[in-house]
Amino acid sequence: MKQNEYVQTVKHLKQEILKSRYHIAKVANKEILFLYFKIGNTISEKVASEKWGSKTIQKLSVDLQNELKGLRGFSFTNLKNMRLFYEEWQPYFKKNEIGQSVTGQLKKKEKLISQSLTGQLKNAKNEISLSRMDQFAEVFLRVSFTAHYEIITKTENIDARLFYITKSAIEFWSVRTLKHHLKNKLFEQQKLFPNNFEETVKPKKLETALNSFRDQYLLDFISLTDEEQDNERVLENEIVNNIKQFLLSLGNDFAFIGNQYRIIVDEEEFFIDLLFFNRKLQSLVAFELKTGKFKPE
């Protein structure tokens, strides 16, 4: 076999293996969510009808682990989280639609969830349009249970929850990244910042531009003394030294070009504090750092 053909075969098989592993992970995650929803449903009903308390749920955890040796993920805390998961989402799903076995029924289940959401989330003001609501079932099922728990415990309104679920699935956020954006209140910060995009950005890119920036950024990875806080160059150096964390604050679509980036305009030399490229906007983005009042020029 020629070396070139062999290398191509290895690459092809690698892609097939990775594709298969990703598919298995997706199906496994759906199965886990269905199972946890069903368990949460059972516990919730027992609490309501038979007045189960914390001691009974603790006993249930111990008994399950005794019955199934080596069983993991069914601690007292996790069982409580399953109940919360069910009770928070149950109003948006028809009873028992997502609590049954998913073997051979995943597509059917996703359709049922989608129809239920379409009918009950009509007033949700988020980036998922109703015409795309049928895709939300798959998005919902791609997010891990841990991520779902973080979202329902850190947010209260349905708009925010749909926003974080969609972002987590589409942008492949890790739980750590999700926690960062929840702490940074990314949903609340979207579209709030003052801008002149309506005059400067093409209409077809306006929505993308508004979603790319926010009014405040959480820079808790930067530690400055009182004296340093007024020094723009020190702030710039701290951002550059922590560029990975800063990119996490900005979002997945930003790529760092450089700092003190030199440009010539009308034969005059200027230096941009921080220069980035935004893949969605297909535009360069300049950051001008100011500790005092910003001057447009």
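Just so it is clear, none of the values below were taken in a lab; they were calculated from the coordinates. Not measured: the values here are computed from a predicted model. Reconstructed Cβ throughout: ideal geometry from the backbone, glycine too, with neighbour counts over all protein chains shown.
Would you mind putting 245-254, 24-33, 159-168 in packing order, based on average other-beta-carbon counts within 10 Å, highest first? Can you show the working numbers first?
Numbers: 245-254: 17.9, 24-33: 14.6, 159-168: 22.0.
Going by the mean number of other Cβ atoms within 10 Å, highest first, we get 159-168, 245-254, 24-33.
Short version: ³J(HN,Hα) in whole Hz for each residue of segment 18-30, in order, from phi by Karplus 6.51 cos²θ - 1.76 cosθ + 1.60 (θ = phi - 60°), x for Gly and Pro, what are they?
So the J values, rounded to whole Hz, are 5, 4, 5, 5, 5, 4, 4, 5, 5, 5, 5, 5, 4.
Amide H neighbours of Ser283 under 5 Å, at least 5 residues apart or on other chains, H built in the peptide plane: list them.
Asn278
Packing-wise, with mean Cβ within 10 Å as the measure, how do 41-52, 4-15, 173-184 rank, highest first?
On the way: 41-52: 14.2, 4-15: 9.9, 173-184: 15.9.
For the peptides 41-52, 4-15, 173-184, the packing ranking is 173-184, 41-52, 4-15.
Beta carbons within 10 angstrom, averaged per residue: use that to sort the peptides 258-267, 71-80, highest first.
Details: 258-267: 10.1, 71-80: 14.5.
Averaged packing, sorted descending, gives the order 71-80, 258-267.
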